[in-house]
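The values are calculated or read from the model by the stated rules, or taken from the named source; none is laboratory data. These numbers were taken from a predicted model, which means no experiment stands behind them. Don't worry about glycine lacking a Cβ; one is built from the backbone with ideal geometry, like all the others, and counts go over all protein chains shown.
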Amino acid sequence: MNYRIIDCHTHVYPDKIATKAVESIGHFYDIPMELDGTVNTLLNISRQAGVDQCLIHGVAVDALHVRHINDFVIATVQAHPDRLMGFGTLHPDMEDPGKELDRMLRAGLCGVKLHPDMQKFSLGEARTDRLFAVCEGVCPMLFHTGDKRYQYSNPALIPPIMKKHPHLTLICAHFGGYSEWDDAVKCLADENVYVDSSSSFFMLGKERVRELIDLYGADRVLFGSDYPMWQMKAEKETLLSLGLPENDLQKIFSGNLLHLLGKE
C-alpha cells in the first residue's frame with residue numbers, strides 16, 4: 001500500500017461543547033457514539049489507524065451560526081494543516097451565501113457540507129437552489145443523503161439539482177442514501193455525483209457494500225468514517241477486506257477526493 005489514505009467524512013467540535021454535541025447526534029440517530037468528537041481524539045485515532053489526513057465538516061443548524069461554525073473549522077484546519085482539510089457550511093436562510101463561500105475558501109477551506117435533516121430544509125426547496133448556484137463550478141458540496149424518517153435529503157431530489165446545475169460536483173454521503181440504498185443507486189447516475197462510505201458498513205454486509213461499489217464504480221466512491229460515530233481503523237479495515245483491486249482502493253482512499261478537489 002503506497003498511497004495516501006484520507007478520511008473524507010469527519011466531524012469535530014470545540015472541547016467545551018463536544019460532549020453535548022456528540023450526545024445530541026447519538027440521540028438524533030439513536031446510535032451509541034464510539035468517540036468524543038474532539039480534535040485531539042481525531043488526530044490520535046487517525047494516526048493509529050494509518051490515515052494520513054481527515055476532512056472535517058461544519059454544519060450550522062440555522063443561518064445565525066454559519067460564520068461562527070466556519071470560523072471554528074478554519075481555525076482547526078489552520079492549526080493542523082498537514083493533517084486536516086475542511087468543508088465549511090452554508091444555510092439557505094443566510095443573507096449572502098456567495099460572500100461567505102468566498103470568505104471560507106480564501107481562508108483555506110475547500111468545499112461545503114450540508115445536512116438537510118439537521119438543518120431542516122429540503123434539497124428540493126427553491127430557497128436552497130442559490131446555495132447550489134454559488135458552489136457550481138467553484139467547489140464541491142457534500143450532503144448527508146437519505147433517511148427513511150425524513151424527506152429533506154431523499155436521493156430522488158438529486159437528479160433535478162444536477163439537471164439545473166450540470167457543473168456542480170456533489171458528494172452524497174452514506175453511499176448516497178442512508179437506509180435508502182436501492183433508490184440511491186437508481187438516482188445518482190451523474191458522473192459529477194460521488195458517494196462516500198460513511199455510516200453504512202454497520203447496516204450493510206460486506207457483500208452488499210462490494211455490490212454498491214461495483215454499481216457506482218470505484219471512480220465515484222470515497223472513504224469516510226463519520227467520526228465520532230465509528231472507529232476509523234475498523235472502517236478502514238472493512239474496506240480493505242472487500243477484496244477490491246489495489247487500483248480501486250487507491251481511488252477510494254484518496255485518489256477520487258484529491259481529483260475532485262484539484263489536489264492531484
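Scanning the range 68-106 for residues that are closer than 28 Å to Ser122 by Cα and assigned to a loop (DSSP other than H, G, I, E, B) yields Leu90, His91, Pro92, Asp93, Met94, Glu95, Asp96. In the range 201-221, is there at least one residue being farther than 30 Å from Glu136 by Cα and among the hydroxyl-bearing types (Ser, Thr, Tyr)? There is no residue in the range 201-221 that is farther than 30 Å from Glu136 by Cα and among the hydroxyl-bearing types (Ser, Thr, Tyr). Screening Leu188 on (1) touching a strand residue (DSSP E or B) at 6+ places or on another chain (Cβ under 7 Å); (2) under 12 Å from Cys8 (Cβ atoms); (3) aliphatic (A, V, I, L, M) shows it passes everything except condition (2).
Tell me, yes or no, whether the range 213-233 has at least one residue that is assigned to a helix (DSSP H, G or I), hydrophobic (A, V, I, L, M, F, W, C), out of contact with any Phe, Trp or Tyr (no Cβ under 9 Å at 6 or more places or on another chain) and within 13 Å of Val51 (Cα to Cα). Checked the range 213-233: at least one residue is assigned to a helix (DSSP H, G or I), hydrophobic (A, V, I, L, M, F, W, C), out of contact with any Phe, Trp or Tyr (no Cβ under 9 Å at 6 or more places or on another chain) and within 13 Å of Val51 (Cα to Cα). Is it the case that Asp196 is among the acidic types (Asp, Glu) and either within 15 Å of His174 (Cα to Cα) or within 17 Å of the chain's Cα centre (by Cα) (or both)? Yes: the conditions hold for Asp196. Residue count for the range 161-188, restricted to those that are over 21 Å from Met229 (Cβ atoms), out of contact with any Phe, Trp or Tyr (no Cβ under 9 Å at 6 or more places or on another chain) and surrounded by fewer than 17 Cβ atoms within 10 Å (Cβ to Cβ): 6. Return yes or no: is Ile56 under 18 Å from the mean Cα position of the chain (by Cα) and closer than 18 Å to Leu114 by Cβ? Yes; evaluated as a whole, the condition is true for this residue.
For the structure I just gave you, tell me whether Ile25 is in contact (Cβ under 8 Å) with a residue 40 or more places away in the chain, within 24 Å of Ser179 (Cβ to Cβ) and not acidic (Asp, Glu). Yes, satisfied.
Picking from Met94, Met33, Met1, which residue would you name as being surrounded by fewer than 21 Cβ atoms within 10 Å (Cβ to Cβ), more than 22 Å from Ser199 (Cα to Cα) and modelled with pLDDT under 95?
On inspection, the qualifying residue turns out to be Met1.
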